[in-house]
Each structure stands twice: as C-alpha cells, then as structure tokens.
Number of protein chains: 2
Amino acid sequence: MAHTTPPPHTLTINARSYRMPTRPVVIVCIDGCEQEYINQAVQAGVAPFFASLADKGTVLAGDCVMPSFTNPNNLSIVTGAPPSVHGICGNYFFDPEQGAEVLMNDARYLRAPSVLAAMAEAGRKVAVVTAKDKLRSLLGHGLQGICFSAEKADQASKEANGIDGLLDKVGMPLPSVYSADLSEFVFAAGVMLMERERPDLMYLSTTDYIQHKFAPGTEGANAFYAMMDKYLLQLDAAGALIGVTADHGMNAKTDSLGRPNIVFLQDELDETLGGRTARVLLPITDPYVVHHGALGSYATIYVHDASDTPRVAERVRALPGIQKVLSRAEAAATFELPPDRIGDLVVLSERLTVIGTSASQHDLSGLTVPLRSHGGLSEQRVPLLFNTRLADVPAKRLRNFDVISLALNHAA
Amino acid sequence: MAHTTPPPHTLTINARSYRMPTRPVVIVCIDGCEQEYINQAVQAGVAPFFASLADKGTVLAGDCVMPSFTNPNNLSIVTGAPPSVHGICGNYFFDPEQGAEVLMNDARYLRAPSVLAAMAEAGRKVAVVTAKDKLRSLLGHGLQGICFSAEKADQASKEANGIDGLLDKVGMPLPSVYSADLSEFVFAAGVMLMERERPDLMYLSTTDYIQHKFAPGTEGANAFYAMMDKYLLQLDAAGALIGVTADHGMNAKTDSLGRPNIVFLQDELDETLGGRTARVLLPITDPYVVHHGALGSYATIYVHDASDTPRVAERVRALPGIQKVLSRAEAAATFELPPDRIGDLVVLSERLTVIGTSASQHDLSGLTVPLRSHGGLSEQRVPLLFNTRLADVPAKRLRNFDVISLALNHAA
C-alpha cells in the first residue's frame, strides 16, 4: 500500500480519514466504565470476552474529553473530534442573550457531522442504539439508517428510527429508564441487528445507572459486566470487529461512611462575595438526575462583572476539595472546549469531591446508596479495547474519540 | 477553663500540647485504608462499629503526609509532626557520604521523640502493637512500656518488649508476615492488653497486605474490615476512647485487564540522557515487597551533576503517567520533608500509574493479583474517625497526625 496517496475507499470527516469497514464494525461506549470494573469482572471470572483480549485482541487506555460527562464524550466518539469542533460540552450552558440556562441536548447545537452519518451517506449500513433517548437525537443527527433508544424502543417507527416492532424483535419488554435492563436492551438490540441487518458500522451506547450505584468488583457491578460480556461474545462470534471505550470513568465521592463530599459553590460565593457576583452552572444537570443528584466534579461560573473574575477564581481556588480553576481561555485551550459555551471560569474538584450550586437546589433523596460520580480529571482515563490486533497504533496520547479510527484504520 | 494558661495535666512534645488521658485511649492506624473500604463494609452490613460512628461518634477525613507510605506516616502519627520534624521520609534514602542507598528503618534516623514515649515518661502506661517488626523499633524508640510486633510475637520478652508469653496470652498462633492474620493478631493483642493491662494510651498499627490485594467492597476486603470491626466493638465496650486513621490510601494501578501501568524511570532516563546522568531511588523499597513489587507512585532522583537537574526534570515531566516533578526545595516546602533525605527531584505519578527503576530490577512474580499500591497524592486522603463526639475541631486542613491531638484534646 502506498503511503503517499490515500488508500482507496476512505472517507474524510472532521479532518480525519477513515477506511471503509470490510467487515461489520461495532463500537461500544460503556457509560461510566472506570477500567477497574472490567479488571474486577475478569478477576472474578465472569468476563471471558474481556479476559480474551489480552491474547487475541488489543488492550489500551485513553483519555476522555473534559468535562468527563456523557454527552460531550459520546459526541466526540462519533465525530472523532473534541468539543471545540462538535460544540457539545455538557447538558446545559448559560446563554447570555436569552439570560437563561439552555439545554444543549438539541441537534441544532451540533457543529460537526458524525462519522456515522458520513458512513451512511457513503452508502454503508449504519445502526445506532442508545440507552437514553436524550442521546439519540444528537447521535442520529443527519443519519440515514437505524437509530433508536432503549428508553423509547416501544415508540420506534420505520420512518423515524429506520426500524419498528422492536420489543418483539429484541424479545425484551420495555426497560425502566433507571435499570440495568436499559443497557441490556441496547446489547440485545445490537445482537438482533447484527443477525437481521448486519450493519457495516454499529454504535452501542449504554447508561451508567449501575456504575453510579456499584463499586468495581462488587456483586452488582460484576453481574452487569457479565451481562455485557455475554452479548459481546455473541457479536464476536458473529464476526464483528469490536471496539470498546467509555465516555468517562467513575469514582466514589464520599467519606468513610458514604456521605457525599460536596462543595456548594453558589452558597460559598454568595456568602463571601455577595449574592449577585457570580452564577454557578453545573453542566451535568439533566432531566435524569436521580442517581447522582446533579452532583459531579465539574462546574462553570459566569461572573456578572468581568472585573470580579480574578477574585472569584481566587476564592474558589482556596476551597478544600477544589483541584483546578481555569479561566475561559485556559479551559478552552487545555480541554479543547468551545469558549462561547463555557463560563468565565471552569472549576474541577478532586477525586473524592463533587460540586453543587446551593444546598437547597439539590435533591439528594434519590441517593439511596453512597454517591459515585464523575466530571473531573480523576475520571478521564478510560479503556480502549479491541477484539483484534491493531497495527501501527500512533505513539501519542490516545483519546476515547480515537476509537473509530483505531478500529477502521489500524485493525490488522 | 481558662485559656490564658495551659490546663493542668498536659504535656508538650514537638511544640504541641496534649492533655493527659482520663480514660484509656486507643489510636488505630489501619494501613492502606482508603476510605472506600470502610464505606463498602458499612454498606455490606458487616461493620456495625464503623456504622455507629455517624450517630455516636465523629467522622472526619484528613491528609496523610507525603510520600503516602507506611513509615513516614506512622512516625508522623506518633510524633504529631511532619517528616521535616521526625526525619523519616521513606524506607531508603541515598547517603552521598557513603555513596549508597541507606535503610532508614533504624531509630538513629529519628529526629523527634514520640507522644507515646513522652506519655510513658510522664508516668502513663503505654502500649504499642505493630504488625511488622520493621516499625516496632521506630515506634518504640525511647519508650518505657509494652511494645511488640505480631510478626515476632513469639520472641517477645519482658526485658525487650515489656511483656512475654504473647501467643498464650493472645490465644493465637504466630501469624505469617503475608496474611490477614498478622493484622488480626494486632487487634487480638490490643483487646488482650486492654483486659490485662488497661493502658492509658495504646497504639495499634496493622499491615496493608489485604488492601494491596483486594478492592473496596470485594469479599476479601469486607471480611478484613468485619474482623477489625469485631475487635473495635470490644475495645469500645471496654470503655476505650478510640481514634482511627490510616497511614495512606490505596488505589488500583492497572489497565482494564489488571496489568500494571509502570513508568520505568531509570530506564527512561538512561535511554534518553545517558546512563550516568541520574539515579532513581524508590523509597517504598523494603524487605517485604512481595505484594507490591516495590512499585508505588513516588520516586526521588539524585542527579550526578547539578547542572543536569533542569533537563532531567523536563524529561520526567514529559512522561505519560507522571503527575508532578518537584525540586528538592519545592518538595521539602510543599510536603514538609527533610531536604537532606530526599533526592534532587521528587516525582509523583498519577492515580493509576506507579514508578519503577529498571524493568530488570523489579520482580513482579509475587503479584498474583492486579497491582494496587500507594505513594502518591491520590492516596493522601484518609479517615479520621472517633467513637465519641469531638468539640472545637480546628477549622483547618486536618492531617492524620492530628489524630492523637483530636482524641486527647477534643473529645467531648
């Protein structure tokens, strides 16, 4: 193969080239998959697919994009690009023109096309299955193919989703949005699609309901990974090239007795600087917060009067549990974020601490088990696993959004 | 109580004042006790003593001293002071006069007296039980009282240890140095001593054999915490004021399949800068390395020619997995370390990575389970737990070496 001209049958999207799949490629994003979950499941002997990768596949790790949240990372994975390119850097941002917090779950906020859509446009069969419906519209934007969520599988139609009759075809009842079944439905649908449709490229994206509740190696976690392993074995047996990564890791955010370590940032700023100085926004906030109470290790701050920014930053930096405070420009440069959709300051808390706004604004009644969450740098390291040998893996910092490129361009 | 003059019955040691105990005080250092171990054991319902502390006791967290290793922290706990005061900052340092790596496990390297020794000198009955013998001589330095290790309990004599016939008195056989039993012997001995001797101040220090092997919430870990909880209930029932802390936390240091993430620092420096430029020393190295292969998240570097120090630092900073590189002066100031016993550079690796010297120097055959270790900033947060309410806890950063002061000076 000559290296001076692009090989045939490639497509270029967001300035990266991808070879066309020569066998079915399945990219799996396991939501909240701290690497230790896989390690412990393998140790427990319940994950033969994962265990086999040391010998017959490729085991790497990479960094997810910051903030280590679901939407920015799923969008990075399917576009092969950081949030500065695709525009999605959280669930919410503050729109100064509207003077309001704006939900970023709508496809009109997307600034880049996905590899999925481009692959479909190039005539390949593409399928996307998400756990929650909130991701479906973003991931399916511009996509001619199959695209549905487990959450609304009962409402899927040929017109809107490229497939119908899902509950029958998958052979599972509609799962609850707060359940391990929601993710199992994603995998069962993936296996069904591989049998019935044999897509050239399939993207499966789970939800981290289990990882928010169970620590690596505990019974609930091992059962979940055993379930995924079973379906991955089936996809593997069907001849698929499988690439597995995660949107972010997951860590305990509590003290010795499981009580959450929370910095209520809005309260702190209101008390020390006055109530109108700065507005704290938590981009993790979304319509499904029961399992984490909208508490993560990342926040943005909008400062009403720009001249106050340095003293707000100084005040936040001094708080116990805070790891980093970056200006808008620093955060945009360091984490490749769109500067117009982050605050004047970006705040990260350390591994065991989360950031809240005001104590009165967080309903913690849904936290029936000790808080586990994400959002910070401590959740940036994620798996990059393949069921085949890769060749010529670039000797650079790998990212979770390299997963499609690694699968399509580097499979031996 | 007047605050202008010291209250009666206090002693001052290493510039801190301690009230004399009015009931038996037991300070427990659980080696490698990441807070999540306690949280998960409480969640599993196997740790009623720990679970009770939320209501009837005090649950705090503090930072251990860096490096997050056993000896520096045990010495800090018993002296109430950082390594800059007591002098012990690892198991080894490089002595330029001798031109050799020198073991720091000998009491002649101690630069400060302990609260234990001072309390005994003031006429109070003091007892110390360690798991491994390496700590016994350091902790018992200058102490008139009972002091022995579980490891050599069979050799204890009245003359050398203040007590004999230990296997009979404790009612357990001599435990293996690599076992959970070694720590159980410490607790069983503590309960025996409370019954027979009722010491005014007792220090119990376990070993982290279990924490190096088992993740929080897994069966092996929960069984270990259930064991400790059972003995703590007995000490509690005997009327002891109990303070629990840890020398350091513990984290997985592997990839998704449990393979260690190791930066072989000596190899990296030899390859890029030449073999005589710098010498990497791992202060975690000790005679008992089977369970961690001498791999932790902290290293020091001695640079042969001082003018090379900046480029060595620059080279190390660029390595993946390295979190921080500090000069001797920066490290001494930041971590309160004795500058004459650390290298020209101090290196910390990030949570999931450990530092080795040369691949050929590490015997990993003893790592029968995926590596879990410590040494870095990611293992700095530890529990500070008390079986009674504390009053007037200082509103400052708490340290594990505040545990004796909190127990003696702040118990309600």
### Query
Does the stretch A:123-140 hold any residues that are part of a loop (DSSP other than H, G, I, E, B) and open to solvent by less than 30 Å² (accessible area, probe 1.4 Å), and which are they?
A:131, A:132, A:140
### Query
Does residue A:382 qualify as being more than 29 Å from residue A:274 (Cα to Cα) and modelled with pLDDT of 95 or more?
yes
### Every residue from the stretch A:235-271 that is under 30 Å from residue B:33 (Cα atoms) and small (Gly, Ala, Ser)
A:246, A:249, A:252, A:256, A:258
### Task
Please indicate, with yes or no, whether at least one residue in the stretch A:213-226 is farther than 25 Å from residue B:43 by Cα and in contact with a strand residue (DSSP E or B) (Cβ under 9 Å, 6 or more places away or on another chain).
no
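For (1) in contact with a strand residue (DSSP E or B) (Cβ under 8 Å, 6 or more places away or on another chain); (2) assigned by TED's automatic domain parsing to the domain that holds residue A:80; (3) open to solvent by 30 Å² or more (accessible area, probe 1.4 Å); (4) farther than 14 Å from residue A:27 by Cα, each residue gets a yes or a no:
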{"residue": "A:173", "(1), (2), (3), (4)": "no, yes, yes, yes"}
{"residue": "A:178", "(1), (2), (3), (4)": "no, yes, yes, yes"}
{"residue": "A:181", "(1), (2), (3), (4)": "no, yes, yes, yes"}
{"residue": "A:188", "(1), (2), (3), (4)": "no, yes, no, yes"}
{"residue": "A:192", "(1), (2), (3), (4)": "no, yes, no, yes"}
{"residue": "A:196", "(1), (2), (3), (4)": "no, yes, yes, yes"}
{"residue": "A:199", "(1), (2), (3), (4)": "yes, yes, no, no"}
{"residue": "A:203", "(1), (2), (3), (4)": "yes, yes, no, no"}
{"residue": "A:206", "(1), (2), (3), (4)": "yes, yes, no, no"}
### Query
Looking at (1) within 14 Å of chain B (Cβ to nearest Cβ); (2) over 23 Å from residue A:75 (Cβ atoms), can you tell me which one residue A:196 breaks?
(1)
### Message
So if I check each of A:360, A:365, A:373, which one is open to solvent by less than 10 Å² (accessible area, probe 1.4 Å) and hydroxyl-bearing (Ser, Thr, Tyr)?
### Response
A:373
### Task
Report the residue count in the stretch A:350-403 for those that are more than 11 Å from chain B (Cβ to nearest Cβ), closer than 19 Å to residue A:255 by Cα and within 15 Å of the chain's Cα centre (by Cα).
4
### Task
Among the residues of the stretch B:259-277, write down those that are at pLDDT 95 or above and either assigned to a loop (DSSP other than H, G, I, E, B) or not acidic (Asp, Glu) (or both).
B:259, B:260, B:261, B:262, B:263, B:264, B:265, B:266, B:269
### Query
For the stretch A:336-344, does any single residue satisfy the condition of being out of contact with any strand residue (DSSP E or B) (no Cβ under 9 Å at 6 or more places or on another chain), within 26 Å of residue A:78 (Cβ to Cβ) and either within 14 Å of another protein chain (Cβ to nearest Cβ) or not in a loop (DSSP other than H, G, I, E, B) (or both)?
yes
### Summary
The residue from A:73, A:105 that alone is away from chain B (no Cβ under 14 Å) and at pLDDT 95 or above is A:73
### Residues of the stretch A:29-46 classified as more than 10 Å from chain B (Cβ to nearest Cβ), of a type in the set (A, V, I, L, M, F, W, C) and buried (at least 24 other Cβ atoms within 10 Å of the Cβ), total
2
### Message
Checking residue B:120 against (1) out of contact with any strand residue (DSSP E or B) (no Cβ under 7 Å at 6 or more places or on another chain); (2) part of a helix (DSSP H, G or I); (3) surrounded by 24 or more Cβ atoms within 10 Å (Cβ to Cβ); (4) of a type in the set (Gly, Ala, Ser), only one condition comes out false. Which one?
### Response
(1)
### Message
Being over 30 Å from residue A:244 (Cα atoms) and free of Cβ contacts under 8 Å to residues at least 12 places away in the same chain is the filter here; which residues of the stretch B:231-271 pass it?
### Response
B:237, B:271
### Summary
Counting only residues in the stretch A:309-327 that are more than 14 Å from every other protein chain (Cβ to nearest Cβ) and in a strand (DSSP E or B), the one most open to solvent (accessible area, probe 1.4 Å) is identified as A:327
### Message
What's the number of the only condition in (1) among the β-branched types (Val, Ile, Thr); (2) closer than 26 Å to residue B:130 by Cβ; (3) within 14 Å of another protein chain (Cβ to nearest Cβ) that residue B:262 fails to meet?
### Response
(2)
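Yes/no per residue for (1) open to solvent by less than 40 Å² (accessible area, probe 1.4 Å); (2) within 14 Å of chain A (Cβ to nearest Cβ); (3) within 25 Å of residue A:323 (Cβ to Cβ):
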{"position": "B:271", "(1), (2), (3)": "no, no, no"}
{"position": "B:279", "(1), (2), (3)": "no, no, no"}
{"position": "B:306", "(1), (2), (3)": "no, no, no"}
{"position": "B:329", "(1), (2), (3)": "no, no, yes"}
{"position": "B:346", "(1), (2), (3)": "yes, no, yes"}
### Message
For the stretch A:230-265, give me each residue that is of a type in the set (D, E, K, R) and buried (at least 23 other Cβ atoms within 10 Å of the Cβ).
### Response
A:247, A:253, A:255
### Summary
The number of residues in the stretch B:95-109 that are open to solvent by less than 30 Å² (accessible area, probe 1.4 Å) and in contact (Cβ under 8 Å) with a residue 12 or more places away in the chain is 4
### Query
Looking at (1) more than 14 Å from every other protein chain (Cβ to nearest Cβ); (2) surrounded by fewer than 24 Cβ atoms within 10 Å (Cβ to Cβ); (3) of a type in the set (Val, Ile, Thr), which is the only condition residue B:26 fails?
(2)
### Task
May I ask you to verify whether residue B:80 is under 16 Å from the mean Cα position of the chain (by Cα), open to solvent by less than 30 Å² (accessible area, probe 1.4 Å), small (Gly, Ala, Ser) and not assigned by TED's automatic domain parsing to the domain that holds residue B:332?
yes
### Task
May I ask you to say which residue of A:20, A:66 is modelled with pLDDT of 95 or more and either within 14 Å of another protein chain (Cβ to nearest Cβ) or buried (at least 24 other Cβ atoms within 10 Å of the Cβ) (or both)?
A:66
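The values are calculated or read from the model by the stated rules, or taken from the named source; none is laboratory data. These numbers come from a predicted model, not from an experiment. In this analysis, Cβ positions are derived from the backbone assuming ideal geometry, glycine residues included, and neighbour counts consider all displayed protein chains. To get the accessible areas, we keep the full protein, side chains included, count just its heavy atoms, and leave off ligands, DNA and RNA. Shrake-Rupley method; radii C 1.70, N 1.55, O 1.52, S 1.80 Å.
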